[in-house]
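S.K.: Take this structure, written in structure tokens, and hold onto it; I'll ask about it next.
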Amino acid sequence: MRIRHRLPVRWTGAAMVTAGTLILGGAIVSHPSSVAAITHNNKGDVWVDNVGQSAGPGHEMDPHLTCADINVWGNGLAPSSGTYTVDGWPPSGTGKKDQAWPGTATHPSTQSWSYSGPGNDVVSVIDVDTLLDHAIANGDTAQAQQGFHFKLQFTADPQKHKTFWVRCAAPTHKPKPTPTPTATPSPTAPTPTPAPTAGPTPSPVTTTTTSSVAAVAVTKAAPVTTPSTGADVPFGAGMLLALGGLSTLAASYRRRRKVN
């Protein structure tokens, strides 16, 4: 069969594609959307690796990542921006609307990416703690040997998909606890100090020793007077009187003897 045409022609295997007509096996099929999909540039690539690692030669996809943030690399992408998500993937996840980044299965969302090109470029960064927290919240279960399994759903034209594992060292990663707000105690008013009550001033207590009391008693005791019996005469004078009396008696005795 001889085919004549005036439009640009591109051969794709057994099919011949023109700008508006697809001729396949002798049949002419008009399918503009199929033509547009086939003619788009599909040379761009994306891959993942831990932050701090180089892009590596040949768009090196690392399927086993450590417990660290993740770079999403791009190269030769036709669009300069778009969005992507990461889903939990079997055997650790379900793979059915099991979004772990940037949202969750119950609260899905999309993450934007930006490519400056033309070579290797980090188009986005995935926070590994948030990724694993969301996976655990979705009910994903880490595998003993490899950890959590994920699938990158990269929206470009056309879409690109890459699967990878994230393994955290023991103990198994757990969601970050939500801090409980601590109530600030209300300031308490100071307890007023009771004013001193006026009262009688206590009399000072004087302490005296036994000797002082005795001295006071002796000092203040009234003098004792006795009948005049000669007992109050000084002792020395009494002795002199006694001796004088004895001398007088002796002299009188001698005189009587001389007379006789």
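S.K.: Kindly provide the set of residues from region 140-184 that are of a type in the set (Gly, Ala, Ser), at pLDDT below 85 and open to solvent by less than 50 Å² (accessible area, probe 1.4 Å), ordered by number.
M.R.: Once the filter is applied, which keeps residues that are of a type in the set (Gly, Ala, Ser), at pLDDT below 85 and open to solvent by less than 50 Å² (accessible area, probe 1.4 Å), region 140-184 yields only ALA156.
S.K.: Of the residues THR94, THR83, which single one is in a loop (DSSP other than H, G, I, E, B), polar (S, T, N, Q) and over 17 Å from TRP47 (Cβ atoms)?
M.R.: Residue meeting the stated conditions: THR94.
S.K.: Is it fair to say ALA68 is closer than 18 Å to PRO118 by Cβ and either at pLDDT 70 or above or among the small types (Gly, Ala, Ser) (or both)?
M.R.: no
S.K.: Considering only residues of region 106-139 that are part of a loop (DSSP other than H, G, I, E, B), surrounded by 14 or more Cβ atoms within 10 Å (Cβ to Cβ) and polar (S, T, N, Q), which is farthest from the chain's Cα centre (by Cα)?
M.R.: Across region 106-139, the extreme among qualifying residues is ASN120.
The values are calculated or read from the model by the stated rules, or taken from the named source; none is laboratory data. Every value quoted in this text rests on a predicted model; they were computed, and no experiment measured them. Every residue, glycine among them, receives a Cβ derived from its backbone with ideal geometry; neighbour counts consider all protein chains shown. Only protein heavy atoms, including side chains, enter the accessible area calculation; ligands, DNA and RNA are left aside. Shrake-Rupley method; radii C 1.70, N 1.55, O 1.52, S 1.80 Å.
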